[in-house]
Amino acid sequence: MIKVGFLVSYDYELLPTALKQVYDYADKIYLSVDVEKKTWSGNPIVIPDSFYAELAALDVAQKIEFHSEVFYIPELTPIQCETRQRNLLAKRMGKGWIIQLDSDEYVLHFKELAAYLKRHSYLLWFSFLFPVTLQGNMITLFRETASGYLIINKKDKFNFITNHPKYSAARNNYKITKLPLTIDVVHQSWARSESEIVTKINNWGHRDDFDTAKFLAFWKNINEENYKEFVDFHPLDRISWDFLLFKKAANIDELLTSLEQNAPKSFGKIAITQIAIENLIVQIKIGVNIVKRIIRKLK
């Protein structure tokens, strides 16, 4: 089965767009919402009843299931709260191809991706022997302008599909191999109103990772006229965002339609032998690092 789980929080209004991208071809969809309506920073979330009514109208095949627990733990950092929530959601989702997304992540060509995963369903039969994380290409939207979107030039690899959902940090599992696919996922990320961005940086998993106030001031200064002036500006890794591109679109739906014009001929090759070899290499590296730590302690 193909199961898609979304973490639903302060950016819940973006979820219907994300759902429409996957709804027809997912077997089951899970929406994970904090039972106390709090973010990973402990701030309150207000989700109106009209939102749930919109979801009910969208869920014509009754695929959607809610997952609610306490996800904010004061003793944990935001990223630790995120990792914990993802693991709890994964436990609820059970077995299958497990896809975890945020409300502002829109999978392109999900129909073709679902067919691809079903062709490789043999990896679900022995997932404990052949665990794997499949990576997508993240297309990051940086600003919405009057006539379109400013987009990061590079597509970042990110983990979002697995047959063995046991997360170490966010969606990453350090103990199993990762295989890249040529599947694109649009991340609305910074392409929001200023008030939404302020809410985002005060509550997301990276809240404590960089000077968010300084980066917000930088973000506010970028527009269609000056975007070419800025290079190497990633707040965490200066080499991963080289420059910005501009894509004309009246709204997010028009942008997604434009980006979906040409489906990839193949998402990449997956083979049991490849996964077995890659996992062996990962385990050897883990073992070597453990030995090194023991040696350092004994010195």
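The values are calculated or read from the model by the stated rules, or taken from the named source; none is laboratory data. None of these values were measured; they are calculated from a predicted model. Cβ coordinates were reconstructed from backbone atoms using ideal geometry, including for glycine residues, and neighbour counts include every protein chain displayed.
Of all residues in the stretch 100-159, those being under 23 Å from D253 (Cβ atoms) and small (G, A, S) number 6. Residue pairs whose Cβ atoms lie under 8 Å apart, separated by 6 or more positions or on different chains, with the first residue in the stretch 281-294 and within 19 Å of P131 (Cβ to Cβ) and the second of a type in the set (S, T, N, Q) and at pLDDT 85 or above, are I281/T177; V282/T177.
For V132, the conditions (1) buried (at least 22 other Cβ atoms within 10 Å of the Cβ); (2) within 22 Å of D11 (Cα to Cα); (3) of a type outside the set (D, E); (4) in contact with a Ser or Thr (Cβ under 8 Å, 6 or more places away or on another chain) all hold with the exception of (2).
Out of K20, K38, report the one residue that is within 25 Å of I252 (Cβ to Cβ) and either surrounded by 15 or more Cβ atoms within 10 Å (Cβ to Cβ) or at pLDDT 95 or above (or both).
Details: K38 fails: within 25 Å of I252 (Cβ to Cβ).
Exactly one residue qualifies, and that residue is K20.
Among residues of the stretch 77-104 being aliphatic (A, V, I, L, M) and at pLDDT 95 or above, the one that is surrounded by the fewest Cβ atoms within 10 Å (Cβ to Cβ) is L88.
Per the conditions (1) modelled with pLDDT of 85 or more; (2) surrounded by 12 or more Cβ atoms within 10 Å (Cβ to Cβ); (3) part of a loop (DSSP other than H, G, I, E, B); (4) out of contact with any helix residue (DSSP H, G or I) (no Cβ under 6 Å at 6 or more places or on another chain), the sole criterion not satisfied by K269 is (2). E254 meets all of the listed conditions (1) loosely packed, with under 12 Cβ neighbours inside 10 Å; (2) among the acidic types (D, E); (3) over 22 Å from D156 (Cα atoms) but one, namely (1). From the list N262, N223, the lone residue that is at pLDDT below 85, exposed (fewer than 14 other Cβ atoms within 10 Å of the Cβ), over 20 Å from N159 (Cα atoms) and not aliphatic (A, V, I, L, M) is N262.
Surrounded by fewer than 19 Cβ atoms within 10 Å (Cβ to Cβ) and either at pLDDT 95 or above or of a type in the set (V, I, T) (or both): does that describe T145? Steps first, please.
Working: surrounded by fewer than 19 Cβ atoms within 10 Å (Cβ to Cβ): yes; either at pLDDT 95 or above or of a type in the set (V, I, T) (or both): yes.
Against the criterion (surrounded by fewer than 19 Cβ atoms within 10 Å (Cβ to Cβ) and either at pLDDT 95 or above or of a type in the set (V, I, T) (or both)), T145 qualifies.
Screening D102 against (1) of a type outside the set (G, A, S); (2) in contact with a Lys or Arg (Cβ under 8 Å, 6 or more places away or on another chain); (3) within 24 Å of F210 (Cα to Cα) leaves a single unmet condition, (2). When you scan the stretch 232-247, do you find a residue that is within 22 Å of V185 (Cα to Cα), part of a loop (DSSP other than H, G, I, E, B) and among the β-branched types (V, I, T), even just one? Yes, the stretch 232-247 contains at least one residue that is within 22 Å of V185 (Cα to Cα), part of a loop (DSSP other than H, G, I, E, B) and among the β-branched types (V, I, T). Of the strands (runs of 3 or more DSSP E) that lie entirely inside the stretch 89-182, those containing 1 or more residues that are within 14 Å of the chain's Cα centre (by Cα) and over 28 Å from H67 (Cα atoms) span 132-144, 156-162.
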